[in-house]
Amino acid sequence: MEDHLRYDFGDIYISDRFMIGKMVVGTQINEKHNLILKNLIDTYFENKPFVYISLRVNNYKVDPSMFVNTSKIKNLMGGAVVSNGFEGKKKAEQDFAFLEKPFRIFDTIEEAKAWGNSLF
């Protein structure tokens, strides 16, 4: 089962083990967006482990300070970025440098999910 939630900043897909985000072009992810995502985590993954996967198919920005608070989410097992472009991967490395959880970059969603499943 997968829920699909649409917001002005992007689409969020939620399944048993994964929260997958696909952000809108030009979005600047900030504390407001982080609060929305945190509320989704509390609703869908209350005390249940999960992995966050970012589908970085669009160009958007993330305030890196968001990852300091994200690292405090106890049931977050790790984070992954799916991007097949050099720039997207380089940006992901910069953004996720502040995440104090396991983190990897992949070319496909299937690879990201396989890695995510290995964290359980």
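The values are calculated or read from the model by the stated rules, or taken from the named source; none is laboratory data. Just so it is clear, the model here is predicted, and its values are computed rather than measured. Please note: Cβ atoms are built from the backbone with ideal geometry, for glycine as well, and neighbour counts cover all protein chains shown.
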Name, by its number, the condition in (1) touching a strand residue (DSSP E or B) at 6+ places or on another chain (Cβ under 7 Å); (2) assigned to a helix (DSSP H, G or I) that does not hold for Arg104.
(2)
Every listed condition ((1) touching a Ser or Thr at 6+ places or on another chain (Cβ under 7 Å); (2) among the hydroxyl-bearing types (Ser, Thr, Tyr); (3) at pLDDT 85 or above) holds for Tyr60 save (3)
Yes/no for Tyr13 being of a type in the set (Ser, Thr, Tyr) and farther than 20 Å from Phe106 by Cα:
no
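Quick one: is Ser15 of a type in the set (Ser, Thr, Tyr) and touching an Asp or Glu at 6+ places or on another chain (Cβ under 8 Å)?
It is true that Ser15 is of a type in the set (Ser, Thr, Tyr) and touching an Asp or Glu at 6+ places or on another chain (Cβ under 8 Å).
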If I ask for residues that are at pLDDT below 95 and under 22 Å from Ala112 (Cα atoms), which ones from region 30-46 would you list?
Asn34, Leu37, Lys38
Quick one: what pairs do we get from region 55-78, first residue touching a residue at least 40 places away in the same chain (Cβ under 8 Å) and closer than 19 Å to Lys90 by Cβ, second among the basic types (Lys, Arg) and not in a loop (DSSP other than H, G, I, E, B), C-beta under 7 Å, 6+ apart or different chains?
Leu55/Lys22
Residues satisfying the stated conditions in region 32-53, i.e. surrounded by 20 or more Cβ atoms within 10 Å (Cβ to Cβ) and among the β-branched types (Val, Ile, Thr):
Val51, Ile53
